[in-house]
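Student: One structure, pasted below without further comment.
The values are calculated or read from the model by the stated rules, or taken from the named source; none is laboratory data. These figures come from a predicted structure and were not determined experimentally. Neighbour counts are summed over all protein chains in view; Cβ atoms, including those assigned to glycine, are modelled from backbone coordinates with ideal geometry. Accessible surface areas use protein heavy atoms only, side chains included; no ligands, DNA or RNA. Shrake-Rupley method; radii C 1.70, N 1.55, O 1.52, S 1.80 Å.
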Amino acid sequence: MELWNSTLGSGFILVGILDGSGYPELLCATITALYMLALTSNGLLLLVITMDARLHVPMYLLLGQLSLMDLLLTSVITPKAVTDFLLKDNTISFGGCALQMFLELVLGSAEDLLLAFMAYDRYVAICQPLNYTILMSHKVCWLLIATSWILASLTALIFTTYTMQYPFCKSRQIRHLFCEIPPLLKLACADTSTYELMVYLTGVSVLILPLAVILASYVRILYSVLHMPSNEGRKKALVTCSSHLTVVGMWYGGASFMYVLPSQFHNPKQDNVLSVFYTIVTPALNPLIYSLRNKEVTGALRRILGKRLLPTQSTF
């Protein structure tokens, strides 16, 4: 098969969900609305956590990082997809494809780890409250956050570099919303079976191991909550934990199907729907799930908006 020089050629063509939809204009408007919702809600949550000193505790510092990751992740994917559809130009350069893949892997992997650390934070707060300030001090919290970003960046750099070194066939069409490893490997003109196995095993490790930590943490949390003497404390713990579990289910559901499900069970249409779910829908809904049911966040938002809306009074 004839090869084309992907490093010097015109790059790839992204054929995503907007190109195969029966109602592309409606779908484009929906995706745009979800993106604007993600920008507004995540930006607002970040603003509230940054400006309100009462929220400068590990739980909300981790939540702020989650909002930052969601904001960046959807911004890596959505504007490009919408702009391509409107301009009828789905091309992406080789370097642009590599950059998009790297950023998506960094943000996705970092979120996997962060969700596990958030579960650990709730476990310590509920099951070991007397040791919380030691086990989840600000120093430990920022160490966990740094670990998420560093490990994710190293993993993404390795896999992006290795994926993009393959020779690619004359067909430049990536049947996906964005540059991601599984659909891109289908264009490779070399044996990728060993590498696909490595991607699969890494996907299992990066997704399933944090998920196991989350489930183990919540089994212990549920046991402790059921034995709480206070109904108010039990209700507050269940509300906080149910929000986190909802986010975990939404994120890990789509990502697990993409990276843990064996390649023979994949098809472009299914992969496109799943990618939209965990890169566009989930980032838009996450802050709403956390903030609408959290009195501390809504209270902080009212205080900040109140300060901005009330006229400043002179003191004499």
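Student: Keeping to pairs on different chains or 8 or more places apart, tell me how many lysine pairs in the chain have Cα atoms under 28 Å apart.
Tutor: Going through the chain pair by pair, I get 16.
Student: Please compute the per residue accessible area over region 138-228 with all protein chains in place, 1.4 Å probe, rounded to a whole number of Å². Show your work: numbers first, answer last.
Tutor: Details: 4780 Å² over 91 residues.
With the other protein chains kept in place, region 138-228 gives 53 Å² per residue.
Student: In whole percent, how big is the carbon plus sulfur part of the accessible area of the chain, probe 1.4 Å, protein atoms only?
Tutor: Details: 10950 of 15890 Å².
Carbon plus sulfur share of accessible area: 69 percent.
Student: Okay, next question. For region 131-136, what does the Karplus curve 6.51 cos²θ - 1.76 cosθ + 1.60, with θ = phi - 60°, yield as ³J(HN,Hα) per residue in whole Hz, taken in order and with x for Gly and Pro?
Tutor: Running phi through 6.51 cos²θ - 1.76 cosθ + 1.60 with θ = phi - 60° gives 9, 4, 5, 8, 6, 10 Hz.
Student: Let me have the 222 nm mean residue ellipticity of the chain computed from DSSP H runs of 4+ only, each contributing -39500 (n - 2.57), with the sum over all residues rounded to the nearest 500. Don't skip to the end; give the middle numbers.
Tutor: Numbers: 11 runs with 226 residues, N = 316.
Value at 222 nm, helices only, nearest 500: -24500 deg cm²/dmol.
Student: Then there's this: Just His138, His176, His244 to compare: in a GNM of the chain, with alpha carbon springs under 10 Å, which one fluctuates most?
Tutor: His138
Student: Relative contact order for region 63-141: what percent, with Cα pairs under 8 Å and sequence separation of 6 or more? Let's see the in-between values first.
Tutor: On the way: 25 pairs, mean separation 26.2, N = 79.
Relative CO of region 63-141 lands at 33 percent.
Student: Of the listed peptides 129-137, 112-120, 141-149, 38-46, what is their order by residue-averaged count of other C-beta atoms within 10 Å, with the highest listed first? All intermediate terms of the calculation are to be shown ahead of the outcome.
Tutor: Numbers: 129-137: 13.1, 112-120: 22.8, 141-149: 16.8, 38-46: 20.2.
In decreasing order of mean packing, 129-137, 112-120, 141-149, 38-46 become 112-120, 38-46, 141-149, 129-137.
Student: Return the whole-Å distance between the Cα centroid of region 47-104 and the Cα centroid of region 169-195.
Tutor: 24 Å
Student: Rounded to the nearest 20 debye, what is the charge dipole size of the chain about its Cα centre when +1 sits on each Lys and Arg Cβ and -1 on each Asp and Glu Cβ? Walk me through the intermediate numbers first.
Tutor: Working: 20 positive and 17 negative charges, 230 e Å.
So the dipole magnitude of the chain works out to roughly 1100 debye.
Student: Something else about it: Tell me the relative contact order for region 81-201 as a rounded percent, counting alpha carbon contacts under 8 Å between residues six or more apart.
Tutor: Details: 75 pairs, mean separation 38.2, N = 121.
Reported as a whole number, the value is 32 percent.
Student: I've got another one for you. With contacts defined as alpha carbon pairs under 8 Å and 6 or more residues apart, what's the relative contact order of the chain in percent?
Tutor: Details: 358 pairs, mean separation 91.2, N = 316.
Relative contact order for the chain comes out at 29 percent.
Student: Give me the 1.4 Å probe accessible area per residue for region 1-125, excluding ligands and nucleic acids, in Å². Show your work: numbers first, answer last.
Tutor: Numbers: 5180 Å² over 125 residues.
Heavy-atom accessible area per residue stands at 41 Å².
Student: Would you kindly find the accessible area of Val204, with a 1.4 Å probe and non-protein molecules such as ligands, DNA and RNA excluded, rounding to the nearest 10 Å²?
Tutor: 40 Å²
Student: Moving on to the next point. Name the residue, out of Leu285, Leu107, Leu238, whose mean-square fluctuation peaks in a Gaussian network model built on the chain with Cα pairs under 10 Å.
Tutor: Comparing Leu285, Leu107, Leu238 in the GNM, the peak value goes to Leu238.
Student: Let me ask something else. Would you grab the residues whose amide H sits under 5 Å from the one on Phe168? Only those 5+ places off in sequence or on another chain, please, with H modelled 1.01 Å from N.
Tutor: So Phe168 has HN proximity to Trp4, Ser6, Cys189.
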